[in-house]
Every structure is written in C-alpha cells, then in structure tokens.
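Student: Handing you this structure, nothing more for now.
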Amino acid sequence: MVAGHLREKNGIYHIVLSYTDENGVKHTPSKSTHLPVKGNKKRAEEMLRQAREEMEWNLAHATRMKESGLTVLPEELPFTTFLEDWLKMMKSCVEATTFSGYAFAIRKRIIPYFDEHYPKLTLQKLTPKHIQDYYTYELEVNGVSPNTVIHRHANIRKALQYAFQTGLLDHNPADRVQKPKKVPYETYPYNADEIAQLCELVKGKPLELGVILAAFYGLRRGEIVGLKWSNIDFTRKTITIKHTVTETNVNGKMTIVEKDSPKTKSSNRSLPLMKPFEELLLTLKKKQEINQKLCGKYYHHEYDEYVYVNEIGDRMKPGYLTRGFPDFLKKHDMRPIRFHDLRHSCATLLYTNGVPLKDIQEWLGHSNISTTSNIYTHLDFSSKVASANAIIGVFSDG
C-alpha cells in the first residue's frame, strides 16, 4: 500500500509518497509537481493519484521479480534469458532425469532458435505466432517429429505458465498455439517363437538377465539395473520392483541416478518368482560369490547389493542394454528391435494368451489402464482376424 499527500513548498505543490519496498525498507520520497499552489489543487491531486498508482505497480513487479529470481523489469527481459532463468530455478524442483530433458530441449533447441530468429524478443512481446512459427520451423525445416514438437510445447508452456502465475505475464501465449497432432507409437514386438529363440541365444551371456527380465517380466531398463538381492524373496517366491538406476545427461556429462521411488507409484509392484528365473538368479548369486573369491581385493564390493553386476562386481550400466542389445541381434541375424520393445513383447504375449488389459497394466506397472490400452491397441488386430475368419467361414459354407 502506497500512501501519499501534497506538500506546499515555496508556493509549489510537492508530492510526498510513503511506502515499504520488497525488502522491508521504508521510503518517503518527495517530488515537485512544478504546479503553483494557487488554482492547481485538483491537477496536483490527480498527479498524486497517478504517482501512487505507478509506485504500487512498480512495487508489485519488484516483488514478482524477487520471487522469480529475475534482475530486470519484465518489459526488458529477453525471452531466452527468462527461459534460462526458469531452467535454473527448476533444477532444484524436479528430479535429475526430468531436469535433463528440460535442459536439452531448452538449451539445445528452443533458445538457439529464438536467439537466431528473434534475438531481441522480450518475454512480454512474445506472441502465440512466435511460438507457432518455431513449431513450424522444427517440423518443416529440421524434420522433427510431431511428438517431439509436442514435448517442446510442454516445456515452453510450463515455463510461460510460471511467468503467468508470478505476474510477469497477464496470460500464457502457449495456450493459444495449435499443437501438431500426436502420431501413435508403432511397435513391432517379438512373437513367442522369436522370444524363445532370443532366450536360447543369450544363455550364459551378459545380456541374459536383462533380456529375461524385460521379455518375461516386462521390466524397464532402469528397473532391471536397479534390481537388488533384497528385492527378491526366495521364500515367498516374489520379485519386488522398488528401486531404479538410470543415466541422464547433466551439463554435458552422463550421470547415474539411483532412487528408491520408481517411475510412478504403480511401478512399485511385486511379481511372482517363477522356477526357471529363480534358478537363473540362484546361479548368478553363486557366480558372484565365486568371482568375489577369485578377484579378492580387486573385486568391487560397492555394488554387492545389486543383482546385475559383471565379473569384477561393477554394476551394469543402463546404456549397456540399449547399446549392446541391437549389436547382439545383428550378430545373430535376428530381426532388429529396441531393447524397450522386449517390454512390449511381454505385453503382446500376455494379451495373446488371454490376460486382460487391467492385469497387463498391473504387471507392467503402468499408472493407468489408458496407457496400456493406447500403447497396445494393435494387439486387438489378432481378435479381429479371428472374427473375420469366423465370418468368412459362413460364406465358405454357403
């Protein structure tokens, strides 16, 4: 609240304001109106009103700037500088893997575009058309997929929503932009015969555990590498998924991220320990004990609690699975798929063997059934073929 009054000094009206700034410091500045006292009271009162309103506006913006960590007035703040400031703020608000995604999109793609095409564009001058032009450029010039542009839109909108919430903008321009249509993800998982062939080929190989856990249990890469011996109950015959190990790019350096909370709450799940996999795990446990004795002081005990380690005790890196798997398939003349597609293969086998989508959702640890349904809608095709064969059978009989 800004208080104020008029003071007469040497026959001239002066405006005196009284307020406390965003740092709690009290101020009482005085400014001449240059209006003679005689016959100018109403004009001086109007100038006082305007001065109070202007100071209240400036104080409000100063408070918002302090809250947002900005150092210049919003109307002077370059859009790309705002994005960088927002990114720095988000670093302490989200997980490392999430921040890595934000940082790559903003610093490597979004900021370079606006620095080149609109170098003097301020946050307050940003329009929906500026954003729309960026999306068009990515789609038509750089050949970026619509789904990637949708992800970039989410980054931009989130940053601008923060600007709106803190009063730096009076609306979010990203809300007025037309996003490209999302392209459904197409996956071509292995069938039962291909899975059986793959499992035979990886026996005794470093990839064996990763392939088994992905193809049969549908585990994600981070869940596989993060599996601990304490997560396996050989008495109750269960495998519990509640720890992940992932890698992400932080400031240009690959960083390993360990956490006990999985991707979503539903990701924390228990699965039955089936006999063939129990035997595999017991074999691995015995092998680790032998390797510890053979390597002696050279064995790395830092990862003793983890299941997926190599001969000297180093925990398998997440990148080993995604990079080594395609090479393994090529070497053995198998149809190329991504390592993550083994998870889809698991869902395919479950579905084609009559397991309901709800049960598949819980097996894979999806947060909601729509995720399961959207990814695996192609699985319905087999039932449609069966229906078509039933119908064609009627015509054939005729």
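Student: If packing is taken as the average count of other Cβ atoms within 10 Å, what order do 339-349, 6-16 fall into, highest mean first? Don't skip to the answer; put the middle values down first.
Tutor: On the way: 339-349: 22.1, 6-16: 14.4.
Final packing ranking: 339-349, 6-16.
Student: Sort V2, V183 by heavy-atom solvent-accessible area, probe 1.4 angstrom, most to least. All intermediate terms of the calculation are to be shown ahead of the outcome.
Tutor: Working: V2 0, V183 70 Å².
Highest to lowest solvent-accessible surface, that is V183, V2.
Student: Where only protein heavy atoms count, and the probe is 1.4 Å, what is the accessible area per residue for the range 1-63 in Å²? Show your work: numbers first, answer last.
Tutor: Details: 4350 Å² over 63 residues.
It amounts to 69 Å² per residue over the range 1-63.
Student: Another question, if that's okay. Taking N as the number of residues in the range 185-323, what value does Rg over Cα atoms divided by 2.2 N^0.38 Å take? Show your work: numbers first, answer last.
Tutor: Working: Rg = 15.5 Å, N = 139, 2.2 N^0.38 = 14.3 Å.
My calculation over the Cα atoms of the range 185-323 gives 1.08.
Student: Taking amide H positions as placed 1.01 Å from N in the peptide plane, with prolines and chain starts having none, which residues 5 or more places from G167, or on another chain, fall under 5 Å of its amide H?
Tutor: For G167, no residues qualify.
Student: So what's the range 160-224 giving for Rg/Rh, alpha carbon basis, Kirkwood Rh from the mean inverse pair distance?
Tutor: Checking Rg against Rh, the ratio lands at 1.40.
Student: From the phi angles alone, apply the Karplus equation (6.51, -1.76, 1.60; θ = phi - 60°) to the range 31-41 and give each ³J(HN,Hα) in whole Hz, x where the residue is Gly or Pro.
Tutor: 9, 6, 8, 6, 9, x, 4, 5, x, 10, 5
Student: Right, next: For a quick check: with amide H placed at 1.01 Å from N, whose amide H comes under 5 Å from V257's, ignoring anything fewer than 5 positions away on the same chain?
Tutor: T246, E247, T248
Student: Also, quick follow-up: Rank by packing, highest mean first: peptides 242-248, 222-228, 298-304, 97-103, with packing defined as the count of other Cβ atoms within 10 Å averaged across residues. Let's see the in-between values first.
Tutor: Values: 242-248: 20.7, 222-228: 24.4, 298-304: 13.1, 97-103: 17.6.
Final packing ranking: 222-228, 242-248, 97-103, 298-304.
Student: If I compute solvent accessible area with a 1.4 Å probe over the protein chains, what percent of it on the range 89-176 is carbon and sulfur? If you can, show how the numbers build up before the last one.
Tutor: Values: 2400 of 4560 Å².
That share works out to 53 percent.
Student: Per the 1.4 Å probe, what fraction of the accessible area of the range 188-331, in percent, lies on carbon and sulfur atoms? The partial results should precede the final answer.
Tutor: On the way: 4310 of 7870 Å².
The C+S portion of the solvent-accessible surface of the range 188-331 is 55 percent.
The values are calculated or read from the model by the stated rules, or taken from the named source; none is laboratory data. All figures in this text were calculated on a predicted structure; none of them were measured in a lab. Every residue, glycine among them, receives a Cβ derived from its backbone with ideal geometry; neighbour counts consider all protein chains shown. SASA here: full protein model, heavy atoms, side chains in, ligands and nucleic acids out. Shrake-Rupley method; radii C 1.70, N 1.55, O 1.52, S 1.80 Å.
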